[in-house]
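Rule-based calculations on the coordinates, nothing more; no lab input. Just so it is clear, the structure is predicted and the values come from calculations on it, not from any experiment. Note: ideal-geometry Cβ built from the backbone for every residue, glycine included; neighbour counts use all protein chains shown.
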Amino acid sequence: MINRIGSRTIGFENRPAILGYASVAGKKESEGLLSNFFDRIIYDEYNGKETFEEAESSLQAEALRLALEKCGRHANELNAVFAGDLLNQCTASCFGLKDFHIPFLGQYGACSTMAQSLLMAAVFVESGAANLAAGVTSSHFCAAQRQYRFPLEYGEVRTPTAQWTVTGSGCCVLGRGESKIRVAAATPGKIVDLGVTDANNMGAAMAPAAADTILSFLRDTQTVPSDYDLILTGDLGLVGSRNLYDIARQEGVDLRQVHNDCGLMIYDRERQDVHAGGSGCGCCASVLCSKILRGMESGTLRNILFIATGALLSATTAGQKKTIPSVAHLIHLTTN
């Protein structure tokens with residue numbers, strides 16, 4: 001049963017279980033801080049395909065295949081897959097998953113898509129609309145550069161606030177079976193726009209949305225940050241994380257002791273030229289589906305908030321100097 005909690009949060013009485021999960025990452029990601037946690041590393045940026053876009057599609061297909069394999073399920077048992085990416089019309093997802101022949105519900109929330117997909121999969125499982133559902137997202141540095149910024153050959157100079165789009169994918173399979181990791185609640189995000197126009201400073205644009213959703217969840221549930229082992233955002237990077245702390249502090253909430261950000265976890269910023277950290281749908285997806293969920297399985301993490309953030313701009317609106325509206329969706333994961 002799905003219950004309303006406060007103004008925006010929904011609680012899941014039966015707590016859908018994460019039965020299987022998997023992460024796929026690229027070469028640069030394998031040189032970062034989480035290399036030992038990924039299920040598979042793709043060292044060829046084309047992954048044997050003809051284009052970067054096809055390569056990204058193959059990341060999603062591999063993540064879904066591995067997640068199903070790890071929980072002993074088959075694609076024909078899935079009643080729905082919720083998937084999205086950064087490319088126009090979610091083409092990485094469409095082409096990556098079409099051969100699985102699973103009912104497909106495309107999602108677009110930019111870098112918040114992993115949390116959005118998990119939210120939808122949990123709602124389907126809890127309501128009985130699906131016995132088994134999956135959420136999967138991806139991003140690819142080269143494909144994103146071509147669509148949103150400049151071709152790689154241009155050799156653009158990146159600003160210090162810029163973030164590096166992760167080449168990676170993550171997938172979770174949700175159902176009613178036995179599992180230590182369960183979805184307890186979720187808070188859908190509102191669109192927040194404080195007028196940021198710099199497409200090279202996504203963290204500043206997304207931080208207000210992250211703060212809005214986190215603070216709403218804490219009010220709805222009457223909890224405080226110290227009630228959780230980890231409050232994990234993705235992907236605010238260095239600049240956005242600092243902005244998040246400032247906004248929350250103005251509301252009397254200190255997040256610093258329990259907060260981390262996927263964009264700061266995936267790379268080694270001292271050794272890798274990623275400026276403010278990582279970003280992209282595949283960033284929070286690959287971090288969640290590697291180190292975080294493994295930590296929950298092992299018992300080092302028991303109660304976490306996962307908040308994926310998305311900048312809702314397009315190449316067209318950026319070229320028109322429009323502001324960058326953002327959104328953040330929250331998933332409460334627990335082993336209790």
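Taking the beta-carbon count within 10 Å as an exposure proxy, list 114, 296, 120 from fewest neighbours to most.
Least to most surrounded, the residues fall as 120, 296, 114.
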Original post:
Modelled label-to-label distance, residue 99 and residue 246, 7 Å Cα→beta-carbon offset: nm?
Top reply: 4.9
Original post:
Just how large is the dipole of the chain about the Cα centre, in debye to the nearest 20, putting +1 at every Lys and Arg Cβ and -1 at every Asp and Glu Cβ?
Top reply: 540
Original post:
In segment 178-336, what percentage of the DSSP-assigned beta bridges are antiparallel, given to the nearest 5?
Top reply: 65
Original post:
Using Cα pairs under 8 angstrom and six or more residues apart, how large is the relative contact order of the chain, in percent?
Top reply: 25
Original post:
If you take the square roots of the eigenvalues of the alpha-carbon gyration tensor of segment 2-175 and sort them as a ≥ b ≥ c, do you get rounded (a/c under 1.5), prolate (a/b over b/c) or oblate?
Top reply: prolate
Original post:
Taking square-rooted eigenvalues a ≥ b ≥ c of the alpha carbon gyration tensor, is segment 158-233 rounded, prolate or oblate, where a/c under 1.5 means rounded and, failing that, a/b exceeding b/c means prolate?
Top reply: oblate
**OP:** Could you list the trypsin sites (Lys or Arg not before Pro) in segment 233-308 that lie in coil according to DSSP, counting only those with at most 15 other Cβ atoms within 10 Å of their Cβ?
**Re:** 256, 271
Original post:
How do 228, 43 line up, fewest other C-beta atoms within 10 Å first?
Top reply: 43, 228
Subject >> Listed residues 209, 278, 289: farthest to the positive end of the dipole of segment 182-334 (Cβ charges) >> reply: 289
Original post:
Restricting to segment 1-120, what percent of DSSP beta bridges are antiparallel, rounded to 5?
Top reply: 35
Subject >> Separation of alpha-carbon centers, segment 160-213 and segment 82-141, rounded to whole Å >> reply: 14
Original post:
So how far apart, in nm, are the two label points at residue 254 and residue 298 if each is 7 Å from Cα heading toward Cβ?
Top reply: 2.9
Subject >> Cross-link table 27/190; 28/70; 49/322; 49/70; 70/98; 27/70, entries beyond 32 Å C-alpha to C-alpha >> reply: 27/190; 49/322
Original post:
Contour minus end-to-end for residue 31 and residue 2, with contour as 0.36 nm per residue of separation and end-to-end as the Cα-Cα distance?
Top reply: 6.3 nm
Original post:
Quick one: 307, 331, fewest Cβ neighbours within 10 Å first, how do they rank?
Top reply: 331, 307
Original post:
Between residue 43 and residue 69, what length comes free when the chain is fully extended (0.36 nm per residue of separation minus the Cα-Cα distance, one decimal in nm)?
Top reply: 7.2 nm
Subject >> Sites residue 194 and residue 273, calculated FRET efficiency, Cβ-Cβ separation with R0 25 Å, nearest 0.05 >> reply: 0.30
Subject >> Helix-only CD estimate at 222 nm, as mean residue ellipticity for the chain, using -39500 (n - 2.57) per DSSP H run (n ≥ 4) >> reply: -9500 deg cm²/dmol
Subject >> DSSP beta bridge pairing in the chain, given as percent antiparallel to the nearest 5 >> reply: 65
Subject >> Net charge of Cβ neighbours under 15 Å - reference residue 304; Lys, Arg +1; Asp, Glu -1 >> reply: +2
